[in-house]
Amino acid sequence: MDCNTALIGPLFLQGIILGSLYALIALGYTMVYGVLKLINFAHDSVFMVGGVAAFYVFGSALGLTEPLTGFALIVALFGVLMVGALASASGATLLERGAYRPLRRRGGARLSFLISAIGASFFATYLFQQDFLLGAGKRQFPNLMETSGAFSAFGSPVNNKDLLIVVAVVICLVALDRVINQTRIGRSIRALSEDVVAAQLMGVNVNRVIVTTFLIGGFFGGVAGALYGVNFANVAWNMGFIPGVKAFTAAVLGGIGNIRGAMVGGILLGLIENMSVVCIGAEWANVVAFSVLPLVLIFRPTGLLGERIGG
C-alpha cells in the first residue's frame with residue numbers, strides 16, 4: 001500500500017475543519033439524547049433547513065452575487081449565520097411540538113419516537129425538494145467572500161473560509177458549554193438528564209426544558225448549515241443526509257449525551273475520514289468514516305468520554 005505523505009499536512013488541516021462542522025451538528029443529537037435518551041434522527045433535516053433558509057434570504061430574496069468586503073462582509077456573514085440558526089431553531093421547535101410531544105403525552109414506546117423522527121425527516125426533506133427554488137438539484141450559495149489565504153498551518157495554506165468555520169465553531173462550542181454548566185436553564189437541562197421525576201419534584205418545567213433543548217440543538221445545527229453553504233458554495237434539499245449520519249457517528253464516538261464528547265468526536269471523525277485518504281484513496285473516505293460507528297458500539301459503547309450532558 002503506497003501512502004502519499006505529501007498529503008498529510010493538507011488533509012490533517014481539512015480534517016480539523018470538516019470535523020468542526022461535524023461537531024457542531026453533533027450537538028443536536030447529543031442535547032436531545034442527553035435529556036430524552038432518544039436519538040433525534042430528524043436532526044439532519046434541521047441542519048438542512050438552516051443552509052436553505054440562508055440561501056433563500058441572501059441568494060434569492062436579496063440576490064447577493066458579488067463578494068463583499070469590510071464591514072458589509074461582517075454584517076452579511078453574521079446575518080447568514082443568524083438566519084440559518086433561527087430557521088433551524090424554529091424547525092427544531094416545531095419538530096418537538098409535532099413529532100415528540102404528542103408521543104410523550106401518550107406515553108409512547110421508544111420505537112414510536114424513532115419512527116416519528118424518521119417520518120418527520122423524510123417529510124421535511126421531500127417538502128424542500130418540491131420547492132421551485134431548490135428542485136431536485138443543487139443551488140449556488142451566494143459568494144459572500146473571496147477565498148484568500150490567511151496563514152499556513154501543517155505545511156498547508158489556511159484560507160479565510162476555513163478560518164471562519166473554526167472561529168465560529170469554537171465560539172459556539174464555548175458558549176454552549178458555559179450555558180449548560182453556568183446558567184439556570186443549563187442546570188435544569190442537566191437535572192432532567194439525570195432524573196426526570198426528581199427534576200419535576202424540584203419544580204423544573206419539563207416541557208419548557210425539552211423544547212429549549214431542541215431549540216439550542218437546532219440553533220447550532222443551523223449555524224452549521226449556513227457555514228456549510230458558505231464553505232461549499234451550494235445547498236440542496238438532501239444536503240443534510242451524509243453530514244447528519246457522520247455527525248451522529250461523531251456524537252457516538254465522543255459519547256452521545258456528552259457535549260464535550262461531541263466536540264472531540266467530531267474532530268476525531270474528521271481526521272479519521274481525511275487521513276484515510278493518504279493511504280487508501282478518497283473513494284474509501286466514506287467507508288472508513290461509517291465503519292467507525294459499529295466499531296465504537298462494539299468496543300466502546302459509551303464513547304470516549306462517556307454519556308453525560310455536562311462537560
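Here are the numbers for the structure shown:
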{"item": "Criterion (farther than 26 Å from Gly51 by Cα and not small (Gly, Ala, Ser)) met by exactly one of Leu304, Leu253, Leu227, Leu268", "result": "Leu304"}
{"item": "Gly50 vs. criteria out of contact with any strand residue (DSSP E or B) (no Cβ under 7 Å at 6 or more places or on another chain), surrounded by 23 or more Cβ atoms within 10 Å (Cβ to Cβ) and either modelled with pLDDT under 95 or not hydrophobic (A, V, I, L, M, F, W, C) (or both)", "result": "yes"}
{"item": "Identity of the residue in the range 55-76, among the aromatic types (Phe, Trp, Tyr) and touching a residue at least 24 places away in the same chain (Cβ under 8 Å), that ends up surrounded by the fewest Cβ atoms within 10 Å (Cβ to Cβ)", "result": "Tyr56"}
{"item": "Residues satisfying the stated conditions in the range 286-306, i.e. at pLDDT 85 or above, of a type in the set (A, V, I, L, M) and either open to solvent by 20 Å² or more (accessible area, probe 1.4 Å) or within 17 Å of Pro243 (Cα to Cα) (or both)", "result": "Val287, Val288, Ala289, Val292, Leu293, Leu295, Leu297, Ile298, Leu304"}
{"item": "All positions within the range 206-250 that are over 24 Å from Gln129 (Cβ atoms), open to solvent by 10 Å² or more (accessible area, probe 1.4 Å), in contact (Cβ under 8 Å) with a residue 60 or more places away in the chain and of a type in the set (S, T, N, Q)", "result": "Asn207"}
{"item": "Pair list, Cβ under 9 Å, 6 or more apart: the range 88-100 residue under 14 Å from Ile39 (Cβ atoms) and free of Cβ contacts under 8 Å to residues at least 12 places away in the same chain, other residue surrounded by fewer than 17 Cβ atoms within 10 Å (Cβ to Cβ) and among the β-branched types (Val, Ile, Thr)", "result": "none"}
{"item": "Test: residue in the range 170-191 that is of a type in the set (A, V, I, L, M, F, W, C), closer than 13 Å to Leu24 by Cβ, open to solvent by less than 10 Å² (accessible area, probe 1.4 Å) and within 15 Å of the chain's Cα centre (by Cα)", "result": "yes"}
{"item": "Segments classed as helices (runs of 4 or more DSSP H), wholly inside the range 29-111, with at least 2 members that are under 15 Å from the mean Cα position of the chain (by Cα)", "result": "43-54, 70-95"}
{"item": "Residue tally, condition closer than 22 Å to Ser121 by Cα, in a helix (DSSP H, G or I) and of a type in the set (Val, Ile, Thr), over the range 237-282", "result": "4"}
{"item": "Among the candidates Leu24, Leu77, Leu94, residue that is touching a Cys at 6+ places or on another chain (Cβ under 7 Å) and at pLDDT 90 or above", "result": "Leu24"}
{"item": "Selection within the range 251-285 - touching a residue at least 40 places away in the same chain (Cβ under 8 Å) and surrounded by fewer than 24 Cβ atoms within 10 Å (Cβ to Cβ)", "result": "Arg260, Val264, Ile267, Leu268, Leu271, Ile272, Met275, Val277, Val278, Cys279, Ile280"}
{"item": "Flag if Thr147 is surrounded by 17 or more Cβ atoms within 10 Å (Cβ to Cβ) and within 24 Å of the chain's Cα centre (by Cα)", "result": "no"}
{"item": "Odd one out for Arg105 among (1) open to solvent by 80 Å² or more (accessible area, probe 1.4 Å); (2) closer than 18 Å to Gly244 by Cα", "result": "(2)"}
{"item": "Output for the range 155-169, where each listed residue is exposed (fewer than 13 other Cβ atoms within 10 Å of the Cβ) and in contact (Cβ under 8 Å) with a residue 24 or more places away in the chain", "result": "Gly155"}
{"item": "Yes/no for Gly149 being on the phi > 0 side of the Ramachandran plot and of a type outside the set (A, V, I, L, M, F, W, C)", "result": "no"}
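The values are calculated or read from the model by the stated rules, or taken from the named source; none is laboratory data. As the structure is a computational prediction, the values presented were derived from the model and not from experiment. Virtual Cβ from ideal backbone geometry, glycine too; neighbours counted across all protein chains shown. With ligands, DNA and RNA removed, areas are computed over all heavy atoms of the protein, side chains included. Shrake-Rupley method; radii C 1.70, N 1.55, O 1.52, S 1.80 Å.
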